[in-house]
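Q: Please see the structure below; I have some questions.
The values are calculated or read from the model by the stated rules, or taken from the named source; none is laboratory data. Fair warning: this is a prediction, and the values are worked out from it, not measured in the lab. We place every Cβ from the backbone using ideal geometry, glycine too, and count neighbours over all the protein chains shown.
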Amino acid sequence: MSAVSSRLPVFPWDKLEPYKATAAAHPDGIVDLSVGTPVDPVPALIQQALVAAADSPGYPTVWGTATLRDAIVGWCERRLGAVSFAHTNVLPVVGSKELVAWLPTQLGLGTGDKVAYPRLAYPTYEVGARLCGATPVTYDTETFAADAAGAELDPSGLKLLWLNSPSNPTGRVLGKDELTRIVAWAREHGVLVFSDECYLELGWEAEPVSVLHPDVCGGTYEGIVSVHSLSKRSNLAGYRAAFIAGDAAVLGELLRIRKHGGMMTPAPVQAATVAALGDDVHVAEQRARYAARRDVLRAALLKHGFRIEHSEASLYLWATRDEPCWETVGHLAELGVLVAPGDFYGAAGERFVRVAFTATDERVEAAVKRLG
Ligand SMILES: Cc1ncc(COP(=O)(O)O)c(C=O)c1O
């Protein structure tokens, strides 16, 4: 038996364990700003919807209830500006991480095919390519900032192009112009675009735009799919609630495969997702919490001698002391603050750390004091 896991990178978080132990030894306890997992309560209206659907003895469907599809279609039109959307343009997934990891396999990609993702990126894009035996390639997001769109990216053999705006880890937002150029370039070369937009609701100094916006895609969805997650916008990481939206032909094929694979969102989570997508108030409240934490952490890091790049959106500050990232991780661990080393996200991050502001107000305040 060949071990599939041998194709995969070392699970990076294990490397952080010794630093976690150092930070945990702080007399006032650890401030963990590394993983970026939500800590605030699941909004009451979402919990109520989950509980109300608790009596769900039958199998749910992979495509979800008609009510769920209506809710997703409605949200895409209202929030992303998508036009003429239908049920065939949406598909629930069981949290977006499983989709990212298994998409290349489900698309039938394999040896000889290439999957591209940004040089600094969420590690699961690479994992997905490796799981199916495709070749992972990285591109510099700046490639698409200049007029020479795609100049550096070789389209030969390229089957799937991942975008991620706002970006994890840098918080960078791709403007409408950049997105439009990328979509046009990909369509010209027959490359399928998947745009991971799971931080779209978390813009601070920029207004993130979806690839589904008509100014970007021209109001048609051939070759483009956006990925959305409720983990961050609605504190639902524990529910595994997410969906994809866009090209009906691509989604139809994925639906067929995922039906055979039994990749069903549990019925109570489907009901909770309907409630979450129908309410903007809790999103605004959660944004306000994060904005306040971001402001104080940002100021404290700058005062402590950090430089911060990008970070105009998402849940992270991309910060550097112009030294190797593991030195910075060690320095902050001594202060009882745990952050993620930038090299987890690609070699280009080796002099940065990613500071998540997903900690309680009390813990964020403790970090600010220690940095002061
Ligand atoms: C860029 C990006 N995509 C996808 C995910 C996965 O989110 P989930 O599986 O909770 O939907 C994350 C999680 O942090 C992420 O940062």
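Q: What do you reckon, is Val90 surrounded by 14 or more Cβ atoms within 10 Å (Cβ to Cβ), of a type in the set (A, V, I, L, M, F, W, C) and within 16 Å of the ligand (Cβ to nearest atom)?
A: Yes: the conditions hold for Val90.
Q: Among the residues of segment 115-131, what is the count of those that are more than 16 Å from the ligand (Cβ to nearest atom) and buried (at least 21 other Cβ atoms within 10 Å of the Cβ)?
A: 0
Q: Another question, then. Here are some residues: Gly112, Gly95, Gly36, Gly64. Which one is on the phi > 0 side of the Ramachandran plot, touching a residue at least 12 places away in the same chain (Cβ under 8 Å), within 15 Å of the ligand (Cβ to nearest atom) and assigned by TED's automatic domain parsing to the domain that holds Ala184?
A: Gly95
Q: Within segment 280-303, can one find any residue that is within 16 Å of the ligand (Cβ to nearest atom) and not in a helix (DSSP H, G or I)?
A: There is no residue in segment 280-303 that is within 16 Å of the ligand (Cβ to nearest atom) and not in a helix (DSSP H, G or I).
Q: Does Thr22 satisfy the criteria of being more than 30 Å from Ala134 (Cα to Cα) and surrounded by 14 or more Cβ atoms within 10 Å (Cβ to Cβ)?
A: yes
Q: Something else now. Starting from segment 215-240, keep only residues that are on the phi > 0 side of the Ramachandran plot, then list their pairs with residues that are within 16 Å of the ligand (Cβ to nearest atom) and assigned to a helix (DSSP H, G or I) whose Cβ atoms are within a distance under 7 Å, requiring at least 6 positions of separation or different chains.
A: Asn235/Gln286; Arg240/Val269
Q: To continue, here is another question. Here are some residues: Gly171, Gly133. Which one is touching an Asp or Glu at 6+ places or on another chain (Cβ under 7 Å) and either of a type in the set (S, T, N, Q) or at positive phi (or both)?
A: Going through Gly171, Gly133 in turn, just one is touching an Asp or Glu at 6+ places or on another chain (Cβ under 7 Å) and either of a type in the set (S, T, N, Q) or at positive phi (or both): Gly171.
Q: Let me ask something else about it. Given the criteria in the same structural domain as Ser195 (by TED's automatic domain parsing), in contact with a helix residue (DSSP H, G or I) (Cβ under 9 Å, 6 or more places away or on another chain) and at pLDDT 95 or above, does Leu153 qualify?
A: no
Q: Tell me yes or no: at least one residue of segment 79-87 is within 16 Å of the ligand (Cβ to nearest atom), surrounded by fewer than 20 Cβ atoms within 10 Å (Cβ to Cβ) and not in a helix (DSSP H, G or I).
A: No, segment 79-87 contains no residue that is within 16 Å of the ligand (Cβ to nearest atom), surrounded by fewer than 20 Cβ atoms within 10 Å (Cβ to Cβ) and not in a helix (DSSP H, G or I).
Q: Inspect segment 72-85 for any residue being within 18 Å of Gly246 (Cβ to Cβ) and among the polar types (S, T, N, Q) and give the result as yes or no.
A: Looking through segment 72-85, at least one residue is within 18 Å of Gly246 (Cβ to Cβ) and among the polar types (S, T, N, Q).
Q: How about segment 333-372: which of its residues are part of a helix (DSSP H, G or I) and within 22 Å of Ala291 (Cβ to Cβ)?
A: Passing the criteria: Asp361, Glu362, Arg363, Val364, Glu365, Ala366, Ala367, Val368, Lys369, Arg370, Leu371.
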